[in-house]
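So the structure is just underneath, and the comments pick up after that.
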Amino acid sequence: MRIEGTVRYQDFEGGFWGIEASDGAKYRPVDPLPASVRKDGCRVTAEVEPANVVSFAMWGRNVRVVSIRKT
């Protein structure tokens, strides 16, 4: 699935990076984002797929990032 949105740092549950899509949906990458986009407010376009994992972070939908780039 292709999403466009903004990278946001969430400072709870130990801290993590998430993506807030333009439509308001929230996505939580289960693997670390590349350093090039790990900046709060960075606009990105990403290809993601659902990730069926257990997480303590109660924020957004868990996804695996297939590709991501700044926009």
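The values are calculated or read from the model by the stated rules, or taken from the named source; none is laboratory data. All of these numbers come straight from a predicted model, not from anything done at the bench. Glycine also receives a Cβ, built like all others from the backbone with ideal geometry; neighbour counts cover every protein chain displayed. The area values use the complete protein model at the heavy-atom level, side chains included, leaving out ligands, DNA and RNA. Shrake-Rupley method; radii C 1.70, N 1.55, O 1.52, S 1.80 Å.
The table below lists the values:
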read-out: Count of region 45-71 residues which are part of a loop (DSSP other than H, G, I, E, B) and at negative phi; value: 10
read-out: Answer from Gly5, Gly15, Gly24 - the residue that is open to solvent by less than 40 Å² (accessible area, probe 1.4 Å), free of Cβ contacts under 8 Å to residues at least 12 places away in the same chain, out of contact with any Phe, Trp or Tyr (no Cβ under 6 Å at 6 or more places or on another chain) and not charged (D, E, K, R); value: Gly15
read-out: Residue selected from region 35-55 under the condition at pLDDT 95 or above and β-branched (Val, Ile, Thr), by the criterion farthest from Arg8 (Cα to Cα); value: Val48
read-out: Hits in region 38-61 (condition: in contact with a strand residue (DSSP E or B) (Cβ under 7 Å, 6 or more places away or on another chain) and open to solvent by 30 Å² or more (accessible area, probe 1.4 Å)); value: Arg38, Lys39, Asp40, Gly41, Arg43, Glu47, Glu49, Pro50, Val53, Ser55, Gly60, Arg61
read-out: Boolean, Ala35 is open to solvent by 50 Å² or more (accessible area, probe 1.4 Å), on the phi < 0 side of the Ramachandran plot and not charged (D, E, K, R); value: yes
